[in-house]
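The values are calculated or read from the model by the stated rules, or taken from the named source; none is laboratory data. Fair warning: this is a prediction, and the values are worked out from it, not measured in the lab. Using ideal geometry, Cβ is built from the backbone for each residue, glycine included, and neighbour counts are taken over all protein chains shown.
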Amino acid sequence: MKNTKILLIGLFLLGAVLLTSCGAPLSGSSWPGVSSNGDAVYVAYMQHVYAIRAADGSMIWRFPEKAGRQMFFAAPVLADDQLLVGDYENVLHSLDPNSGVEKWIFTQAQADWIASPLVVGDVILAPNADHFLYALSKNGSLLWKFETGRALWAQPVSDGEFVYQASMDHKVYAINLRTGQELWSLDVGGAVIYSPTLDAEEGTLYLTTLARNLMAINTQDGSIRWQRQFEGGLWTQPALHDGRLYMGDLQGTVYAISTKDGAEIWTQKVDQPVTGKPTVLDSRVIFPTEDGSLIAMTLEGERLWSRTFEGKLYTGPVVIGDRLAVGIAGGKEFLKMVSLDGQDLWTFVPPK
């Protein structure tokens with residue numbers, strides 16, 4: 001019951017943020033979306049997008065300079081000479097990554113941008129809560145749009161020929177990248193809020209659903225290779241590494257799962273709800289938890305260290321060389337840089 005409540009609270013937080021685009025008061029129900037190009041850390045959080053120096057945590061710019069009604073949630077996406085980020089006022093922005101100056105906007109969507117876009121070659125793929133996946137050129141012009149049955153909260157993935165989009169309508173769609181035509185769709189039996197994980201070489205899509213299922217799907221025809229159900233709720237994206245999927249559940253168990261058949265390789269109890277996608281390095285995997293902890297383990301499940309922050313973690317840390325950028329929700333600080341063993345390096349403090 002407790003774990004179910006945590007999941008429902010998380011979904012309620014998202015719903016509360018969505019109301020801001022309908023004239024409701026601004027809410028604190030958001031968490032930072034973090035990305036990096038190595039030199040800068042880009043953070044979308046609350047009413048701003050920030051560019052921050054990775055070396056020392058100093059601010060390069062923020063957009064907009066003065067807070068307005070728009071709110072930001074999903075991690076910005078860097079694509080060549082532009083930074084793409086959507087807001088809760090139905091606008092997708094292209095910013096200059098060096099200055100934060102707005103280059104163009106896309107305003108044809110009818111709802112909020114909850115998921116990050118994906119850039120494949122010269123095509124921007126932008127999923128919106130209005131049920132549509134929009135394909136745009138690099139200058140923001142519409143190429144095609146594809147309609148699903150419910151809101152899109154998950155970033156799509158692509159093998160360069162097809163786009164795979166999960167939806168809140170309980171389906172996954174395979175769509176031709178160039179034409180926007182559907183190849184297949186599959187009812188997965190539950191809503192999908194996190195992006196699938198694609199193994200393009202093996203032609204397999206891995207995803208978790210709110211019905212507590214982990215599924216492996218053949219990208220050629222949408223057939224199910226294998227699936228398994230968990231006792232704990234799944235609010236996570238599996239991390240793929242060397243024939244294994246690393247993930248956790250809301251009952252506080254973390255897993256290494258074989259990609260061949262879904263069998264458990266190992267499990268460990270961490271006694272904290274695991275949310276978001278784990279971060280995998282060469283010799284370790286780092287799990288984020290809802291109570292604000294990072295838990296580092298070897299790839300064989302032995303605990304190395306843990307670190308608790310003031311706030312909650314809904315996404316895994318972003319690796320920047322030998323450091324980890326951590327986005328924190330609901331605390332006094334929303335971005336920290338730590339070492340690979342969890343020690344503080346700097347904390348970002350936005351100017352007033």
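A few remarks follow.
- Selection status of residue 85, crowded, with 17+ Cβ neighbours inside 10 Å, modelled with pLDDT of 95 or more and more than 26 Å from residue 314 (Cα to Cα): no
- Among the residues of the range 287-319, just one is in a strand (DSSP E or B), crowded, with 18+ Cβ neighbours inside 10 Å and aromatic (Phe, Trp, Tyr), namely 287.
- Pairs meeting the criteria (first residue in the range 196-211 and in a strand (DSSP E or B), second residue aromatic (Phe, Trp, Tyr) and buried (at least 16 other Cβ atoms within 10 Å of the Cβ), beta carbons under 6 Å, at least 6 apart or on different chains) are 197/206; 205/164.
- Criterion (touching a helix residue (DSSP H, G or I) at 6+ places or on another chain (Cβ under 6 Å), among the aliphatic types (A, V, I, L, M) and in contact (Cβ under 8 Å) with a residue 12 or more places away in the chain) met by exactly one of 59, 71, 46: 71
- Boolean, residue 163 is under 22 Å from residue 188 (Cα atoms) and in contact with a Pro (Cβ under 6 Å, 6 or more places away or on another chain): yes
- Considered as a group, the residues in the range 320-352 that are more than 21 Å from residue 276 (Cα to Cα), of a type in the set (A, V, I, L, M, F, W, C) and not in a strand (DSSP E or B) include one that is modelled with the highest pLDDT, and that residue is 348.
- Members of the range 168-190 found to be of a type in the set (Ser, Thr, Tyr) and either in contact with a helix residue (DSSP H, G or I) (Cβ under 7 Å, 6 or more places away or on another chain) or not in a loop (DSSP other than H, G, I, E, B) (or both), listed by number: 173, 185
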